[in-house]
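**Student:** Take this structure, written in structure tokens, and hold onto it; I'll ask about it next.
Just so you know, all these numbers are worked out from the coordinates, no wet-lab data involved. Everything quoted here is computed from the prediction, not taken from an experiment. Positions of Cβ are backbone-derived with ideal geometry, glycine not excepted, and every protein chain shown enters the neighbour counts.
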Amino acid sequence: MEFFVELDRKIYAASRRFANSDDRRAWLELAVSLALYAGAITVGLASIGTWWLMTPAIILAAAMGLRIYMIQHDCLHRSFFSSKNCNDCIGTLLSPIAMTPYKATRYIHGLHHKYVGDLEHRDAFEIYTMTLDEWYSAPKWKRLQYRYYRSPLVLVLIGPFLFFGVLRRFPLKALKTGLGELFLHNVFLASYLALIWWVAGWAGIGVWVASVYLACTFGSLIPYIVHNFESIHWGKRPELTFTTAALRGSAVLSWGRLFDLVTMNIGYHDLHHLNAKIPGYKLREAHRKLEADGLLKSEKISFFMGLRCFRLKLYDENNDRMVPFPYSPRSQPQTKPLQPAE
């Protein structure tokens, strides 16, 4: 046990040398992302009806919108810039593009990091997961409800856009974090949409909706796969330590350099959960260095392996892994028969 505690300390200590912001790099990342996003949206609005030009413009706007969301995500952790106030200010100003209010999201995301992998706090998980035993004990209506919820139709094609397009206008924790910033966020978003409508009418709104939908749909793959792969470990405290939850409760998305660039390296998710103060523009470098030093041995998931994760629906506590829906019709977990008294 002491060996693992010492190893945990060594890994975290090694990660700390990357956990510092580079303001020059941060401003460059932000400027390039905003310029590409603005250019893509402008071309998309100017080329309505010219599909060969409008379509790639929408795809680029979606990619940069997702990247700006990841920049805001770093601001949530106050890791993008060295200044706390700068992180908070830029994070708030990016909210109409990121489609999420800053303060409420910071609070909610903090709970996700605090309780990642903790089966007793699954309300903080980004995607709800039942255990296998809970599935067998659940009534038929609840199983049907859960089957619908865990379907790719809901989790990828409908849910993310509904979540960011509608539910994020008034998130559940907004009353805790204050209504003023939420009101400001919605004013920013309404003003942005009014500008698009003034420039290009409802067709322009359609271009914006298409870019947001693509960003939400593709972006939804990331939190699902990095926290729902087959060999994931979830548990309960005190058995579940912070380091175990971070390194065994998250995976690495090995989807290529372009994916890393678009998503600010968020695919190196186990190290991000271990030390969220590492800014995204240093995360890939940090992960590779710690792996080269033999401190990290991550679960790496290719894109097609990731898509196969959607067949995994339940967490099997007894075997410590995600499993598909069982074929067995039994309504409760099997137990060993009682032995007759002698």
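**Student:** Place +1 on the Cβ of every Lys and Arg and -1 on the Cβ of every Asp and Glu in region 2-323, take the dipole about the Cα centre, and give the residue among His272, Tyr146, Ser83 whose Cα lies farthest towards its positive end.
**Tutor:** Most positive-ward Cα: Tyr146.
**Student:** Given a cut-off of 25 Å, name the pairs among Lys103/Lys297; Lys277/Lys297; Lys173/Lys300; Lys140/Lys313; Lys10/Lys300; Lys114/Lys140 whose C-alpha atoms lie farther apart than that in the structure shown. Before the final figure, lay out each step's value.
**Tutor:** Values: Lys103/Lys297 34 Å; Lys277/Lys297 20 Å; Lys173/Lys300 33 Å; Lys140/Lys313 16 Å; Lys10/Lys300 22 Å; Lys114/Lys140 33 Å.
Over 25 Å apart, Cα to Cα: Lys103/Lys297; Lys173/Lys300; Lys114/Lys140.
**Student:** Same structure, new question: Can you give the FRET efficiency to the nearest 0.05 for Asn20 and Glu120, using r as the Cβ-Cβ distance and R₀ = 41 Å?
**Tutor:** Details: r = 34 Å, r/R0 = 0.82.
Efficiency computed from Cβ-Cβ geometry: 0.75.
**Student:** May I pose another question? In deg cm²/dmol, rounded to 500, what helix-only [θ] at 222 nm does the chain give when every DSSP H run of at least 4 residues adds -39500 (n - 2.57) and the total is split over its residues?
**Tutor:** Details: 16 runs with 204 residues, N = 342.
It lands at -19000 deg cm²/dmol.
**Student:** Now, a different point. Could you line up Asp320, Asp8, Asp74 from fewest to most neighbouring Cβ atoms inside 10 Å?
**Tutor:** On the way: Asp320 13, Asp8 17, Asp74 27.
So the ranking, lowest neighbour count to highest, is Asp320, Asp8, Asp74.
**Student:** Which of His109, His73 comes first, and how do the rest follow, when ranked by fewest Cβ neighbours within 10 Å?
**Tutor:** Details: His109 17, His73 24.
Result, fewest neighbours first: His109, His73.
**Student:** A further question on this structure: For the residue pair Leu167 and Leu28, what label-to-label distance in nm results when each label sits 7 Å from Cα along the Cα-to-beta-carbon direction?
**Tutor:** Label-label distance for Leu167 and Leu28, simple model: 3.8 nm.
**Student:** Could I ask something else about it? In nm, what is the difference between 0.36 nm times the number of residues separating Lys277 and Leu195 and their Cα-Cα distance? Each step should come with its number before you reach the end.
**Tutor:** Details: separation 82, 0.36 × 82 = 29.52 nm, distance 3.56 nm.
Taking 0.36 nm per residue and subtracting the Cα distance, the gain is 26.0 nm.
**Student:** Here's another thing I want to ask about it. Using the Karplus curve 6.51 cos²θ - 1.76 cosθ + 1.60 with θ = phi - 60°, what ³J(HN,Hα) values do you get for each residue of region 182-191, in whole Hz, with x for Gly and Pro?
**Tutor:** My calculation for region 182-191 gives 5, 4, 4, 4, 5, 5, 4, 5, 4, 5 Hz in order.
**Student:** Hey, how many Å between the Cα centroid of region 91-153 and the Cα centroid of region 4-83?
**Tutor:** Taking the Cα centre of region 4-83 as reference, the centre of region 91-153 is 23 Å away.
**Student:** Which of the aspartates and glutamates could a cross-linker bridge to Lys84, judged by Cα under 16 Å and excluding same-chain residues fewer than eight apart?
**Tutor:** Correct list for Lys84: Asp22, Asp23, Asp74.
**Student:** So, R0 is 41 Å and r is the distance between the beta-carbons of Ser231 and Ser82; what FRET efficiency does that work out to, to 0.05? Numbers along the way, then the final one.
**Tutor:** Working: r = 37 Å, r/R0 = 0.90.
The pair Ser231/Ser82 has a calculated efficiency of 0.65.
**Student:** Sort His233, His77 so the one with the fewest other Cβ atoms within 10 Å of its own Cβ comes first. Could the numbers behind the result be given before it?
**Tutor:** Values: His233 17, His77 20.
Placing the least packed residue first, the sequence is His233, His77.
**Student:** Can I ask one more? Which length gain, in nm to one decimal place, applies between Phe304 and Arg143 when the Cα-Cα distance is subtracted from 0.36 nm times their residue separation? Walk me through the numbers on the way to the answer.
**Tutor:** Working: separation 161, 0.36 × 161 = 57.96 nm, distance 2.74 nm.
In short, 55.2 nm is gained.
**Student:** A further question follows. Excluding Asp316 itself, what net charge comes from residues whose Cβ is under 12 Å from its Cβ, given Lys and Arg +1 and Asp and Glu -1? Present the calculation step by step, with values, prior to reporting the outcome.
**Tutor:** Numbers: positive: Lys313, Arg321; negative: Asp133, Glu134, Glu230, Glu317, Asp320.
Summing Lys/Arg as +1 and Asp/Glu as -1 gives -3.
**Student:** So if each residue of separation counts as 0.36 nm, and I subtract the Cα-Cα distance between Val154 and Ala38, what length gain in nm does that give? Spell out each step's value before the answer.
**Tutor:** Details: separation 116, 0.36 × 116 = 41.76 nm, distance 3.01 nm.
Value of the extension gain: 38.8 nm.
**Student:** Using the Karplus curve 6.51 cos²θ - 1.76 cosθ + 1.60 with θ = phi - 60°, what ³J(HN,Hα) values do you get for each residue of region 253-266, in whole Hz, with x for Gly and Pro?
**Tutor:** Couplings: 8, 8, 10, x, 5, 4, 4, 4, 5, 5, 9, 6, 6, 5 Hz.
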